[in-house]
Amino acid sequence: MASRVVELFCEVDKLRAHLLHNVEDCQRVEEEGFSHREILTRIENVILGIVTSLSKDEAPVLALPNRSSWANVSFDSAIGLQMSSETSVTTIRSDCASSVTKFAQILKILLVIYRLVQSNSYSTKRDIFYNNTQLFGTQKTVDSIVDDISCMLKVPRRSLHVMATSKGLISGDLCYMEEDGTRIDCHSSSAAVAVSSNIGGIRNIVSSAKFVMIVEKDATFQRLLDDNFCTKLSPCIIITGKGVPDVNSRLMVRKLWDTLHIPIFALVDADPHGIEIMCIYKYGSVAMSFEAHSLTVPSVMWLGLLPSDLQRLQVPKDALIPLTERDESKLNSLLKRPYLTSQPDWQKEMELMQQSKVKAEIQSLAAIAPDFLTSIYLPNKLRYGGWV
């Protein structure tokens, strides 16, 4: 590994010589307010810091904001979880056996990003991983480091010209133009459209939708699609991140909210995991709190499945599942989150779950009637305001 670091230092030195002579005009990234020049300058400052340390015969060190600590996060009801201005950092040393590999990985990805921004080209995180699988080891390593770099440079990830393949799906009353000019129509009742990998490039959004509904699970999303839900009740848009949402799915929900100014509902399982997923869309996550302003949608409303629905609808007991110790621990953790104080109705629902010690999946409604979800439950909820 030491030899890899030496090789990277050599690359850094070459890059330093090049960047000092780089005076080309850089295109403005209008949406985020960052020019290519600004992004390159931030990377150059990191590289020059490393070169300065080497010139003093000192071991270079990188300081990364700690993205996993609640102590580094504050809550704003208008934004959600956001990284505090004063955050603790994790030190990545080049002369320490436990961190030298990560130091080399960060440096390599910084170099890749610099070249991408400089040439105004794009790459996927998958491409970066396969560029040097021996150095990175796993795709997860690349994913995490790209976010670390975004946080360290205080530049949105999409402005680094690194894209992630989306896992989310979207369908309903929606048409828009991709950055490359491709026209996307989401009206098909038989097949959903993959969420774009470049949400920032979407333009010319056209929709008559009355609301957007976030669906936790792909299976429920497909059921709604099969039942032609988006046109039966009223024109709407449904989107799923297939569980814990990726950044692109969260960006898409935010884009729709900013553009269409319509209600955003969440349909999740009545369990701690489903509630946490809904909170990620509404309030954000600790790991991505540095980008909260563009990822959260504070107006998200909990449509279902509510713990109180289980009692009100008398869902059969054999369709209910006892809470596990892990569920109870997660529920206790959620109830302590800073944003719950501003959601007393959510608190009541979660406390009801805590008292009943049962959870249920959305599919449990089929125990009442096979088409209960789409023919009775959702239409009544949306018609009579059954959300919190």
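The values are calculated or read from the model by the stated rules, or taken from the named source; none is laboratory data. Just so it is clear, the model here is predicted, and its values are computed rather than measured. Reconstructed Cβ throughout: ideal geometry from the backbone, glycine too, with neighbour counts over all protein chains shown.
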Inspect all residues belonging to the stretch 99-121 and state whether any of them is surrounded by 13 or more Cβ atoms within 10 Å (Cβ to Cβ), under 20 Å from residue 280 (Cβ atoms), touching a helix residue (DSSP H, G or I) at 6+ places or on another chain (Cβ under 6 Å) and modelled with pLDDT of 85 or more. no
In the stretch 205-284, which helices (runs of 4 or more DSSP H) lie fully inside it and hold 3 or more residues that are under 18 Å from the mean Cα position of the chain (by Cα)? 247-260, 272-283
Here is a list: 104, 97, 78. Which entry is out of contact with any strand residue (DSSP E or B) (no Cβ under 7 Å at 6 or more places or on another chain), in the same structural domain as residue 66 (by TED's automatic domain parsing), in contact (Cβ under 8 Å) with a residue 40 or more places away in the chain and not in a helix (DSSP H, G or I)? 78
Criterion first (in contact with a Cys (Cβ under 8 Å, 6 or more places away or on another chain) and either among the aromatic types (Phe, Trp, Tyr) or in a loop (DSSP other than H, G, I, E, B) (or both)) does residue 167 satisfy it? no
Would you be able to say whether some residue in the stretch 302-319 is among the small types (Gly, Ala, Ser) and surrounded by fewer than 16 Cβ atoms within 10 Å (Cβ to Cβ)? no
Any idea which residue in the stretch 229-248 is surrounded by the most Cβ atoms within 10 Å (Cβ to Cβ), counting only those that are within 23 Å of residue 289 (Cβ to Cβ) and of a type in the set (A, V, I, L, M, F, W, C)? 239
In the stretch 81-94, what residues are over 25 Å from residue 285 (Cβ atoms) and either assigned to a loop (DSSP other than H, G, I, E, B) or of a type in the set (S, T, N, Q) (or both)? 94
If the requirement is being at pLDDT 90 or above, in contact with a Phe, Trp or Tyr (Cβ under 7 Å, 6 or more places away or on another chain) and crowded, with 16+ Cβ neighbours inside 10 Å, which of these qualifies: 282, 381? 381
Qualifying residues in the stretch 203-243 (those that are small (Gly, Ala, Ser) and out of contact with any strand residue (DSSP E or B) (no Cβ under 6 Å at 6 or more places or on another chain)) - the one nearest to residue 177 (Cα to Cα): 207
